Amino acid sequence: MTGSRPAPPVAAVSAPPESQTVLLAQQGEPEALDELARSCRKQAYVFALQLIGNPDDALDVAQDAMIRFFRSLDRFDASRPVRPWLLRIVRNLIRDRARRLRVRRTESLEPARDDALRIEPTDPGPSPEATASKRQLQALVWASVQELSPRYREVLVLRDYQDLTYAEIAETLKIPRGTVMSRLHRARRLLREAVRRQQHNTGEVRDD
């Protein structure tokens, strides 16, 4: 008499690779189109918000980016990663918008969501004073980011907040990898200087 055999383990169902999702979306498969829309909509909005600092304008840009994204989907090479392509669309729309309006935005970015701005989480159980201090620093840093010219703000956000590789940034901005590295180095230096200016100015305001 043979003992009963254990049931085979149930294989975990993993999400299809991005390239497969893109291919299905290019064929008009509704679920693949919905999945792409869900994954790309937030990325487009967050990146636009990080670059221009105004939630309403960022939403407009993100909506335009999604329209352009899906209009050009059939021409996209599904073997390539989607995010650099999507972020390049957002970046180009922002530059086009700036040229049309001929206005350089200078308002600071008041962070609405920690996850959107990719700020490091606070320690468990922070005191109210520590929380307030962290939020002040967060606002100060983002005010300083907004001081940077677009060419430096773009590369800084893509690397330090979108976490793209140098190669992906080069693809997004259509510049050589070496230019990405040198521009990022300068952007970080300019940001440190801008933060020091903001701290100095804030300190002067508090002293009055």
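The values are calculated or read from the model by the stated rules, or taken from the named source; none is laboratory data. Note that the structure is predicted; figures quoted are calculated from it, not measured. Quick reminder, even Gly has a Cβ in these numbers, built from the backbone with ideal geometry, and neighbours come from all protein chains shown. Heavy atoms of the whole protein, side chains included, go into the accessibility calculation; ligands, DNA and RNA do not. Shrake-Rupley method; radii C 1.70, N 1.55, O 1.52, S 1.80 Å.
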So for the pair Ile67, Arg188, with labels modelled 7 Å out along Cα→Cβ, what separation do we get in nm?
3.9
Rounded to the nearest 10 Å², the accessible area of Tyr45 using a 1.4 Å probe with every protein chain kept is 50
Using a 1.4 Å probe, how large is the accessible area of Lys42, given in Å² and rounded to the nearest 10?
110
Kindly sort Trp142, Trp85 by accessible area of their heavy atoms, largest first, with the probe set to 1.4 Å.
Trp85, Trp142
From phi via Karplus (6.51, -1.76, 1.60), per-residue ³J(HN,Hα) for the stretch 67-76 in Hz, x at Gly/Pro:
4, 5, 4, 6, 5, 9, 4, 5, 9, 7
